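S.K.: Could you have a look at this structure, given as structure tokens, before my questions?
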Amino acid sequence: MNLILLGPPGAGKGTQSQRLADARGLVQLSTGEMLRAAVKAGTEIGLKAKAVMESGGLVSDDIVIGIIADRIKKPDCADGFILDGFPRTLAQAVGLDKLLKDSGTSMDAVIEMKVDDSAMIERIVGRFSCSNCGAGYHDTFQQPKTEGVCDKCGKSDFTRRADDNEETVKSRLMAYYRETAPLIGYYFAKDKLRAVDGMAPIDGVSRQIGAVLDEIQKA
């Protein structure tokens, strides 16, 4: 099963992607991680991306889609994948559709995580992560079980993103509504869109997504 999780910054897409990957054997594909891996591996498309980045430019949609095309051909994606952070624009969505069609596959569902903007700002400003393994936490909603110790790897070194402040978050939300929110209508028209309450507790969101996927598989 191939999925896209759609929602503004801080909606919990990364957390839910990790849970889906663990529970259903899907591969979580982050465009940032794929880009870095392609550059490190020195693939043809990775070398193109490296040249652009070293010149200070932005990596084009064609290069990102090329990196996704290479990645989904790998055996671990045979049972399905979750795209994390892509597509962000209508142009990227159209390019992704063409890639999937050319690859003989398709997107099974696009799950929109509906959120409240004010609560979203609180979520983002309070989040932090383990510097060693990347496990995510929050000042209010998800503290480590033992204070100062990562639940996943046991390390005690945590970090916060420099751009996780209220002013920057509001700017990112504006960018989301301007560039990415139109994808809601795009995928609705294709009968791919399903919505869940992204403000529910993490386990509750997971159950909602699981119910959606179970329904799709039965259809």
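S.K.: Looking at the range 113-122, is at least one residue in a strand (DSSP E or B) and farther than 16 Å from I68 by Cα? Even if it seems obvious, please write down each step before you answer.
M.R.: Step one: filter the range 113-122 for residues in a strand (DSSP E or B), giving 113-114.
Remaining after also requiring farther than 16 Å from I68 by Cα: 113-114.
Among the residues of the range 113-122, at least one is in a strand (DSSP E or B) and farther than 16 Å from I68 by Cα, which makes the answer yes.
S.K.: Give D102, D116, D62, D151 a once-over and let me know the one that is at pLDDT 95 or above, of a type in the set (D, E) and out of contact with any strand residue (DSSP E or B) (no Cβ under 8 Å at 6 or more places or on another chain).
M.R.: Of D102, D116, D62, D151, the one residue that is at pLDDT 95 or above, of a type in the set (D, E) and out of contact with any strand residue (DSSP E or B) (no Cβ under 8 Å at 6 or more places or on another chain) is D151.
S.K.: Determine, yes or no, whether D203 is surrounded by 13 or more Cβ atoms within 10 Å (Cβ to Cβ) and either in a helix (DSSP H, G or I) or modelled with pLDDT of 95 or more (or both). Walk me through it before giving the result.
M.R.: Working: surrounded by 13 or more Cβ atoms within 10 Å (Cβ to Cβ): no; either in a helix (DSSP H, G or I) or modelled with pLDDT of 95 or more (or both): yes.
No; evaluated as a whole, the condition is false for this residue.
S.K.: Any chance the range 76-93 includes a residue that's among the polar types (S, T, N, Q) and at pLDDT below 90?
M.R.: Narrowing the range 76-93 to residues among the polar types (S, T, N, Q): 89, 92.
Subsequent filtering for residues that are at pLDDT below 90 retains none.
No, there is no match, as no residue in the range 76-93 is among the polar types (S, T, N, Q) and at pLDDT below 90.
S.K.: Another question about this same structure. Just checking, which of D108, D76, D70, D84 is farther than 17 Å from M1 by Cβ and acidic (D, E)? First the steps, then the outcome.
M.R.: Numbers: D108 fails: farther than 17 Å from M1 by Cβ; D76 fails: farther than 17 Å from M1 by Cβ; D84 fails: farther than 17 Å from M1 by Cβ.
Exactly one residue qualifies, and that residue is D70.
S.K.: Go through the range 34-57 and give me each residue that's within 21 Å of F86 (Cα to Cα) and among the hydroxyl-bearing types (S, T, Y).
M.R.: Correct list: T43 only.
S.K.: Looking at (1) closer than 23 Å to F86 by Cα; (2) surrounded by fewer than 12 Cβ atoms within 10 Å (Cβ to Cβ); (3) among the acidic types (D, E), which one does E215 not meet, given that it meets all the others?
M.R.: Here E215 meets the rest and fails (1).
S.K.: Could you list all residues from the range 20-75 that are assigned to a loop (DSSP other than H, G, I, E, B) and either surrounded by 20 or more Cβ atoms within 10 Å (Cβ to Cβ) or of a type in the set (V, I, T) (or both)?
M.R.: Those that are assigned to a loop (DSSP other than H, G, I, E, B) and either surrounded by 20 or more Cβ atoms within 10 Å (Cβ to Cβ) or of a type in the set (V, I, T) (or both): L26, T43, V59.
S.K.: Could you check how many residues of the range 155-177 are modelled with pLDDT under 90, more than 12 Å from I124 (Cβ to Cβ) and in a loop (DSSP other than H, G, I, E, B)?
M.R.: Looking only at that region, the number is 1.
S.K.: Out of all the residues in the range 113-134, which are surrounded by fewer than 16 Cβ atoms within 10 Å (Cβ to Cβ) and in contact with a Lys or Arg (Cβ under 9 Å, 6 or more places away or on another chain)?
M.R.: Residues of the range 113-134 that are surrounded by fewer than 16 Cβ atoms within 10 Å (Cβ to Cβ), as a first pass: 114, 116-119, 131-134.
D117, S131, N132, C133, G134, listed by residue number.
S.K.: Turning to a different aspect of this structure: Of all the residues that make up the range 76-100, how many are touching a Pro at 6+ places or on another chain (Cβ under 6 Å) and surrounded by fewer than 17 Cβ atoms within 10 Å (Cβ to Cβ)? Can you show your working first?
M.R.: Keep residues of the range 76-100 that are touching a Pro at 6+ places or on another chain (Cβ under 6 Å), which gives 90, 93, 96.
Now narrow it down to the ones that are surrounded by fewer than 17 Cβ atoms within 10 Å (Cβ to Cβ): 90.
Qualifying residue count, the range 76-100: 1.
S.K.: When the residues of the range 182-200 are narrowed to those that are without any contact (Cβ under 8 Å) to a residue 60 or more places away in the chain and in a loop (DSSP other than H, G, I, E, B), which ends up surrounded by the fewest Cβ atoms within 10 Å (Cβ to Cβ)?
M.R.: Our first condition is that a residue be without any contact (Cβ under 8 Å) to a residue 60 or more places away in the chain; within the range 182-200, this holds for 185, 188-191, 200.
This time we only want the ones that are in a loop (DSSP other than H, G, I, E, B), so: 190-191, 200.
On the way: K190: 13, D191: 8, A200: 15.
Top of the filtered list is D191.
S.K.: Moving on. Of K48, K73, which residue is in contact (Cβ under 8 Å) with a residue 12 or more places away in the chain, among the charged types (D, E, K, R), out of contact with any Phe, Trp or Tyr (no Cβ under 9 Å at 6 or more places or on another chain) and under 21 Å from T105 (Cβ atoms)?
M.R.: Values: K48 fails: under 21 Å from T105 (Cβ atoms).
Exactly one residue qualifies, and that residue is K73.
S.K.: Could you grab me the full set of residues in the range 193-202 that are under 15 Å from G7 (Cα atoms) and of a type outside the set (A, V, I, L, M, F, W, C)? Steps first, please.
M.R.: First pass over the range 193-202, keeping only residues under 15 Å from G7 (Cα atoms): 193-200, 202.
Scanning the range 193-202 gives R194, D197, G198.
The values are calculated or read from the model by the stated rules, or taken from the named source; none is laboratory data. As the structure is a prediction and not an experimental result, all values here were calculated from the model. Methodologically, a virtual Cβ is constructed for each residue, glycine included, from the backbone with ideal geometry; neighbour enumeration extends over all protein chains shown.
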